[in-house]
Structure formats: structure tokens, C-alpha cells
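Derivation of every value follows stated rules applied to the coordinates shown; laboratory data play no part. Computed from a prediction, not measured in an experiment: that's the story for all the values here. Positions of Cβ are generated from backbone atoms using ideal geometry, with glycine treated the same way; all protein chains shown enter the neighbour counts.
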Amino acid sequence: MMKKKLLFAIFVAFFVSNVVSAQVFTAADSLSIPPQVDSALLGRTIYEILPPGVTLHQSEALRDALQAHIDDNASKQFNGYRIRIYLNSVQTAREESRTALRRFQEAFPEIPAYLTYSSPNFRVMVGNFRTRTDAELALKRISELFPSATIVRDKFKYPDL
């Protein structure tokens, strides 16, 4: 009986710690700020940027397997959400969509925005949200400037880090 209580306590502690960390991640992720990348690191591997004096002992096969995994998944997409702030097919839709895109980028420079054309519609979509909750938080802010904005499911690539 004592073993069961101990196992139950360990399970509860593990579960609670994972829930708390998941909530912290979601809250940080909901800021909708794309990851910032130091341009000096672009195109370099972790092995090239190790500080002086640090020696990494690792199988070459492991390094090759990691690189193969990265290469295999470079073009994969995942399901997520974006916010559509403009959709129209009127004759002036091209200019209106560009205006909407500019207005959005000026108001929310930290959120990526995309203008697309799919006959006959011009569309402006914003954000790369992993969860609907994250998209809803951003929609509250965005709908003040774009009252007709709506959340839509979309597929997109993982951001470059």
C-alpha cells in the first residue's frame, strides 16, 4: 500500500510539473513574436560555434543522423492557425490588400504578414500560431484595427532558427 502511495505521489508531481511548464510555454508562445536569430549564426552549426576550450566528444554517425533529420524535415509543414484580415475579389482588391498589409505591418511589426492571390481573391493572412488559443489572444488585439478579422486553419513551415 505504501508503494502505491509513493508511486501516485511521484506521478502527481511529474504531471503537475509538466502542466506548469506547458502553461509557461503557451503564455510565452502567445506573444506571437517570431524567434530572433543572430545573423552571425545563420548557416552555421552548433559544432562551429562552441566556445574556446569546449571539446565535444560525439560519434560522427550521430552528427550525420541529426543533419539528415534536419534535411528531411526542412520542407515539412504543420497545421496551425493564421488570422485573415482581408479577403476580397473586387476590382480594387489588389490595392486594398496592399493597404491592409501596410497598415498591419505598421501596427504589428512583430507578427509576420502574408499577401496572397488565389483567383479571384486577394488575401492578407497574419501570424503563425501553433494553437487556436494563441491565435485568439492575437485576434483580440488585431480586431481593434481590423474588425472583420477571423481565425483560419492553415499549414505552414516551421520557422527557421
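Order of Arg153, Arg123, Arg141 from fewest to most other C-beta atoms within 10 Å?
Sorted ascending by nearby Cβ count, the order is Arg153, Arg141, Arg123.
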The ³J(HN,Hα) series, computed from each phi in the range 107-117 with the Karplus coefficients 6.51, -1.76 and 1.60 at θ = phi - 60°, rounded to the nearest Hz and given as x for glycine or proline, is 7, 9, x, 7, 9, x, 10, 9, 9, 10, 10
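What ranking of Val124, Val90, Val152 emerges when the number of other C-beta atoms within 10 Å of each C-beta is taken as an exposure proxy, fewest first?
Ascending Cβ contact count within 10 Å gives the list Val90, Val152, Val124.
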From the phi of every residue in the range 92-97, what ³J(HN,Hα) in whole Hz does the Karplus formula 6.51 cos²θ - 1.76 cosθ + 1.60 yield, where θ is phi - 60° and glycine or proline is x?
-> 9, 4, 4, 5, 5, 5
With +1 on the Cβ of every Lys and Arg and -1 on the Cβ of every Asp and Glu, the dipole magnitude of the range 49-156 about its Cα centre, in debye rounded to the nearest 20, is 460
Starting with the fewest neighbours, write out Ser89, Ser97, Ser75 ranked by other beta-carbon atoms found within 10 Å of each beta-carbon.
-> Ser75, Ser89, Ser97
PRE reach from Leu145 (point 7 Å along Cα→Cβ): which of the range 118-138 fall under 12 Å by backbone N?
-> 126-127
